[in-house]
Amino acid sequence: MALIECKFYSEVLGLSTSMTVILPQQTTTQIGLSNVKRGDLHPTLYLLHGLSDDDSIWLRRTSIERYVAELGIAVVMPQVHRSFYTDMADGGNYWTFISEELPALARSFFPLSPKREDNFVAGLSMGGYGAFKLGLRKPETFAAAASLSGALDMAHDFINWEDPSQKSREYELIFGKEDIDGTPNDLLWLLKEVDRSKGPKPLLYQCCGTEDFLYENNQNFRKACAKTSLSLTYEEGPGAHEWGYWDTKIQDVLKWLPLGK
């Protein structure tokens with residue numbers, strides 16, 4: 001595998017930012033690791049970070065590089081700060097960045113496949129919200145989306161920070177003062193829109209630990225999805241909002257991805 005720390009300029013954000021990228025490399029003499037390369041253009045997993053993290057966090061907290069080596073897929077991990085993958089009311093246009101500019105730039109820098117069947121997205125916590133938003137708003141781009149302990153019902157059950165004033169301030173910076181219920185920032189509304197559409201529908205994977213403070217939030221999404229025709233693989237079990245759980249579950253996500261032979 002090749003590991004690349006990529007610094008670049010974003011026209012959308014108007015600033016320099018970063019992404020961490022894992023690329024497949026076929027090897028025969030490397031000890032302790034079996035590497036696979038599928039072809040000239042790599043299937044790609046966009047792997048999204050949570051609220052307090054950055055583009056390096058999946059490498060620092062899990063063995064993601066080792067897990068994907070035998071799969072022959074690239075992993076693109078972008079930096080979006082505390083934006084909730086949204087065109088912020090008072091901040092950067094991170095939705096436009098993550099959904100349009102980043103994939104185009106990544107494909108211009110690296111040999112990544114543009115085919116829908118080769119593109120997937122996953123994330124944890126805030127990144128779970130971002131992954132499902134990408135999957136549901138860009139179903140023509142992503143064949144599958146996975147959420148690990150995601151903050152999935154932002155319209156009705158926002159993260160319960162200990163300081164309510166912080167919650168209010170940060171929510172308004174991201175989404176503004178208007179209610180996001182029934183808007184493209186509401187995943188439960190997006191489920192209905194995708195279900196009604198005649199276009200492609202992404203495969204969805206959702207997991208959450210039963211001791212996670214976002215467990216009820218995840219149940220809201222699961223129940224809403226059950227009322228649609230979308231395919232949702234759901235898993236739960238003991239676990240809290242922590243990296244031991246996510247390191248285990250990202251391996252399940254990788255096994256679940258619809259990778260062609």
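The values are calculated or read from the model by the stated rules, or taken from the named source; none is laboratory data. Fair warning: this is a prediction, and the values are worked out from it, not measured in the lab. Neighbour counts run over all protein chains shown; Cβ positions are idealised from the backbone, glycine included.
Count, please, the residues in segment 241-261 that happen to be surrounded by 14 or more Cβ atoms within 10 Å (Cβ to Cβ) and over 19 Å from the mean Cα position of the chain (by Cα).
0
When W161 is evaluated against the numbered criteria (1) more than 17 Å from V75 (Cβ to Cβ); (2) at pLDDT 95 or above; (3) not small (G, A, S), which criterion, by number, is the only one it fails?
(2)
Looking at segment 77-121, which of its residues are surrounded by 15 or more Cβ atoms within 10 Å (Cβ to Cβ), of a type in the set (S, T, N, Q) and closer than 15 Å to E11 by Cα?
Q79, N93, T96, S99
Can G239 be described as modelled with pLDDT under 95 and outside any helix (DSSP H, G or I)?
Details: modelled with pLDDT under 95: no; outside any helix (DSSP H, G or I): yes.
When the stated conditions are applied, G239 does not pass them.
Of everything in segment 198-218, what is free of Cβ contacts under 8 Å to residues at least 40 places away in the same chain and either among the basic types (K, R) or surrounded by fewer than 16 Cβ atoms within 10 Å (Cβ to Cβ) (or both)? Give them in sequence order.
If the condition is that a residue be free of Cβ contacts under 8 Å to residues at least 40 places away in the same chain and either among the basic types (K, R) or surrounded by fewer than 16 Cβ atoms within 10 Å (Cβ to Cβ) (or both), then K198, T210, E211 are the ones that fit.
Which condition does I57 not pass, out of (1) under 24 Å from L204 (Cα atoms); (2) surrounded by fewer than 17 Cβ atoms within 10 Å (Cβ to Cβ); (3) without any contact (Cβ under 8 Å) to a residue 24 or more places away in the chain, if it passes all the others?
The single condition I57 does not satisfy is (2).
Considering (1) free of Cβ contacts under 8 Å to residues at least 40 places away in the same chain; (2) surrounded by 13 or more Cβ atoms within 10 Å (Cβ to Cβ); (3) among the acidic types (D, E); (4) not in a helix (DSSP H, G or I), say which one E178 fails and leave the rest.
All conditions are met except number (2).
Looking only at segment 5-24, which residues are within 11 Å of Q79 (Cα to Cα), of a type in the set (S, T, Y) and surrounded by fewer than 17 Cβ atoms within 10 Å (Cβ to Cβ)?
S16, S18
May I ask you to list the residues in segment 25-54 that are surrounded by 15 or more Cβ atoms within 10 Å (Cβ to Cβ), of a type in the set (A, V, I, L, M, F, W, C) and outside any strand (DSSP E or B)?
Answer for segment 25-54, where residues must be surrounded by 15 or more Cβ atoms within 10 Å (Cβ to Cβ), of a type in the set (A, V, I, L, M, F, W, C) and outside any strand (DSSP E or B): V36, L41, L51.
Considering only residues that are of a type in the set (K, R) and part of a helix (DSSP H, G or I), look in segment 60-101 and name the one that is farthest from I4 (Cα to Cα).
R61
Output the qualifying pairs, or none if there are none: Cβ atoms under 9 angstrom, residues six or more apart or on different chains, first residue in segment 2-21 and under 15 Å from T44 (Cα atoms), second residue outside any strand (DSSP E or B) and of a type in the set (S, T, N, Q).
A2/Q25; M19/Q79; T20/S56; T20/Q79
Based on this model, can you work out whether A104 counts as free of Cβ contacts under 8 Å to residues at least 60 places away in the same chain and in a helix (DSSP H, G or I)?
Criteria met by A104.
Out of all the residues in segment 181-197, which are part of a loop (DSSP other than H, G, I, E, B) and either at pLDDT below 95 or in contact with a Phe, Trp or Tyr (Cβ under 8 Å, 6 or more places away or on another chain) (or both)?
D181, G182, T183, N185
In the set L254, L259, which member is under 15 Å from I64 (Cα atoms) and out of contact with any Cys (no Cβ under 9 Å at 6 or more places or on another chain)?
L254
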